[in-house]
Amino acid sequence: DTIEIFAGVRNCKTLGSPISFLVRNNDYENWKEIMGAGECSKIEQRAVHRPRPGHADLPGAMKYDHSDMRNVLERASARETACRVAAGAFFKKLLTELNIYIYSQVVSIGQVSSSTWKVNRENLSEFYKRIELSPLRCIDQPSEEAMKAAIDQARENGESTGGSFEVGAIGVPPGLGSHVNWDGRLDSQLAALLMSIPAIKAVEIGEGVDNARKPGSMVHDEILYEEQQGIYRLSNRAGGIEGGMSNGETIWARAYMKPIPTLYKPLLSVNTSLWCEEKADIERSDICAVPAAAVVGEAMLAYGLALAVTQKFGGDSIDQLKESFDVYRDYLRKVWKWTKI
């Protein structure tokens, strides 16, 4: 997909005014007589009265009093995340001006887990090349082949499959977010953004789940110092955030996606026009959307960090923002011996 930009950008630069863009759905021509704003002659042909378990169909119809649940499911579709990814490209451009880089990688699909890269500045370029060549955004080729087999098996069984992905940001300075108010905590903001992606049911910052099982001495990232290297750490189990603030290490989080609710061997539901038990409706759907969700995760992380950066460093132009950022970086180096950025 590509976007058409209508406002807010001139000569390849943003203007400071709202950015307006369009992502065309090429399938819309086939749905005009069903989904149009005017009188739709074929609306009853694709009416939905058998809600899919796990989808927004039933609660959305209850909330907004829709007898035809297509009014719910089309808006609840993850197609809306295409706009998030497009907007995320702008946020990434902003962060790149400050040498902050976003990445993602798939960690698991179904029962298949992969080994992941510990991404850093030194291997970031190689990581980008390899991850974009992977259809499943998985850096571990043997695991990727097993993931493909799991997806094919799910398709053959009329099933869907979920999984997990990791998103991260390299080059984030310490001090984004805040410990002084609950709604200013960076980890809570980023977790909420990742949880807003359709079908994401759990989020952990760093090694959040494993850390809950370990003693403190095996969890917290020790702080070390050398005169030439400055202040540094050997581990990053905290995911780059302590006390609601970035601590200067790579920010990374993992999100866990449930299987897509549309099943080609549908589960039991209720026909709300006849009030009898029937199999749920079937809509066109992917078998597995974890790799796509990882890209959406990049956009949401980029948005959260771009917001935190502009809140901290301010300015009405990119040059003003960078000037403030550079002053802060020099302060960190002189006062706190921070040499990583």
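The values are calculated or read from the model by the stated rules, or taken from the named source; none is laboratory data. Here the structure is a predicted model, which means the values were calculated and not measured. FYI the Cβ positions are ideal-geometry reconstructions off the backbone, even for glycines, and counts take in every protein chain you see. Remember, those area values only see protein heavy atoms, side chains included, never the ligands or the DNA or RNA. Shrake-Rupley method; radii C 1.70, N 1.55, O 1.52, S 1.80 Å.
Remark: the residue 47-residue 64 segment gains 4.5 nm on full extension, using 0.36 nm per residue and subtracting the alpha carbon distance. Sorting 62-73, 288-299, 238-249, 139-150 by average packing, meaning the other beta carbons within 10 Å per residue, from highest down gives 288-299, 238-249, 139-150, 62-73.
When +1 charges are put on Lys and Arg Cβ atoms and -1 charges on Asp and Glu Cβ atoms, the dipole computed for segment 148-188 relative to its Cα centre reaches about 120 debye.
Net charge in the neighbourhood of residue 234 (other residues with Cβ under 9 Å of its Cβ; Lys, Arg +1, Asp, Glu -1) is -1. Kirkwood analysis of the Cα pair distances in segment 138-234 returns a hydrodynamic radius of 17.6 Å. Only one residue of 5, 189, 248 has its Cα farthest out toward the positive end of the dipole of the chain, where Lys and Arg carry +1 and Asp and Glu -1 on Cβ, and that residue is 248. Across the chain, the mean sequence separation of Cα contacts (distance under 8 Å, 6 or more residues apart), normalised by length, yields a relative contact order of 22 percent. In the context of the full set of protein chains, residues of segment 1-107 present 66 Å² of accessible surface per residue (probe radius 1.4 Å, heavy atoms only). The C-alpha atoms of the chain define a longest principal axis, and helix 318-336 lies at about 50 degrees to it.
Hey, got the dipole for segment 85-195? About the Cα centre, +1 on K and R Cβ, -1 on D and E Cβ, debye to the nearest 20? Charge dipole, segment 85-195, about its Cα centre: 320 debye, nearest 20. Quick check: the angle from helix 186-195's long axis to the longest principal axis of the chain, C-alpha only, nearest 10 degrees? Once rounded, the angle reads 20 degrees.
Calculated [222 nm] ellipticity per residue, helices only, for the chain: -10500 deg cm²/dmol; basis is -39500 (n - 2.57) per DSSP H run with n ≥ 4, divided by all residues, nearest 500.
As a calculated quantity, the FRET efficiency between residue 155 and residue 180 at R0 = 51 Å, using C-beta atoms, amounts to about 0.50. Counting Cα-Cα pairs of segment 33-182 in 10 Å increments starting at 0 gives whole-percent bin shares of 9, 23, 27, 24, 15, 3.
Considering all C-alpha pairs of segment 210-296, those separated by over 22 Å amount to 58%. Ranked by the mean number of other Cβ atoms within 10 Å of their residues, highest first, the peptides 200-210, 12-22 fall in the order 200-210, 12-22. When you restrict to C-alpha pairs under 8 Å that are six or more residues apart and normalise by the size of segment 247-287, the relative contact order lands at 34 percent. Heavy atoms of the protein chains alone define the surface here; on that basis segment 156-220 has 46 Å² accessible area per residue at 1.4 Å probe size. The dipole here belongs to segment 1-49: it is taken about the Cα centre, uses +1 on the Cβ of Lys and Arg and -1 on the Cβ of Asp and Glu, and is about 280 debye.
With 0.36 nm allotted per residue and the present C-alpha distance subtracted, the residue 4-residue 219 stretch has 72.7 nm of extension available.
In the chain, the longest principal axis of the Cα atoms and the axis of helix 141-156 are about 20 degrees apart. Straight-line cross-link partners of residue 214 among the lysines, defined as a Cα under 24 Å from its Cα and at least 8 positions apart when in the same chain: 118, 201. Explain nothing, just the number: relative contact order of segment 55-146, from Cα pairs under 8 Å at least 6 residues apart, as a whole percent. Computed over segment 55-146, the figure is 19 percent.
Dipole orientation for segment 1-77: of the candidates 17, 60, 30, 17 has the Cα lying most toward the positive pole (charges on Cβ; Lys, Arg +1; Asp, Glu -1). With 29 Å as the limit, the listed pairs 13/337; 258/340; 32/63; 42/148 have 13/337; 258/340; 42/148 beyond it between alpha carbons.
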